[in-house]
Amino acid sequence: MTNVRSAAFALLLLLSLGVKFVVRGHLKPTDDATLVATLDARARAAGFTTTIERRPIGAVVTATKGDCVMQLRDGDGGAGFDRVFAEVARDFGRPLYLYHGTLSPTPPGWRKTLEGFVQHQLAAIGIATARPAVIMVARRPACGTALPRLADLRVTMTTAR
């Protein structure tokens, strides 16, 4: 009985991989340029003036309104870039991560990983899905709790054909 179950499992595994191989194009990663443009547009809509700087680990939107100055960027690299984000934003204070509408001093953990995994697997078989964006926010004390409307931002991964 164990051999039958093992053979059935192996057959299902091969079929699953075969389907993925046949329908799979190259995965198109999330569109960073669109996310940065949206961060810029949302900050401007909230009355900030903005500049965009292209940096080796991604673009940074610097938003200014009066004495309030903040930096916004894609924070999806999270734990891997946490120290780099902190160094880049050292004049602004500790970076915070906006995810699912909540600001946190630590990058999102298992939930983002699970959502990213599901998104990747669905994209591999041609199903485009969106998940909440992770936004790194670093702001000077003069900003208080001010933030442009960012909590609803989503990122999409598709299969490029």
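The values are calculated or read from the model by the stated rules, or taken from the named source; none is laboratory data. Just so you know, these numbers come straight off a predicted model, no measurement behind them. Note that each Cβ is placed from the backbone with ideal geometry, even for glycine, and that neighbours are counted across all protein chains shown. Surface accessibility is based on the protein's heavy atoms, side chains included, excluding ligands, DNA and RNA. Shrake-Rupley method; radii C 1.70, N 1.55, O 1.52, S 1.80 Å.
What to note about this one:
- Qualifying residue in the stretch 123-130 (condition: modelled with pLDDT of 90 or more, buried (at least 18 other Cβ atoms within 10 Å of the Cβ) and outside any loop (DSSP other than H, G, I, E, B)): no
- Count of residues meeting criterion [open to solvent by less than 20 Å² (accessible area, probe 1.4 Å), in contact with a helix residue (DSSP H, G or I) (Cβ under 8 Å, 6 or more places away or on another chain) and on the phi < 0 side of the Ramachandran plot] in the stretch 77-99: 2
- Boolean, ASP74 is loosely packed, with under 12 Cβ neighbours inside 10 Å and in contact (Cβ under 8 Å) with a residue 40 or more places away in the chain: no
Conditions (1) open to solvent by less than 40 Å² (accessible area, probe 1.4 Å); (2) more than 26 Å from GLN119 (Cα to Cα); (3) at pLDDT 80 or above, marked per residue:
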| site | (1), (2), (3) |
| --- | --- |
| ALA7 | no, yes, no |
| ALA10 | no, no, no |
| LYS20 | no, no, no |
| ARG24 | no, no, no |
| PRO29 | no, no, no |
| GLY47 | no, yes, yes |
| THR62 | yes, yes, yes |
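- Filter result (under 27 Å from THR158 (Cβ atoms), outside any loop (DSSP other than H, G, I, E, B) and more than 13 Å from the chain's Cα centre (by Cα)) within the stretch 45-79: ALA45, ILE52, VAL60, VAL61
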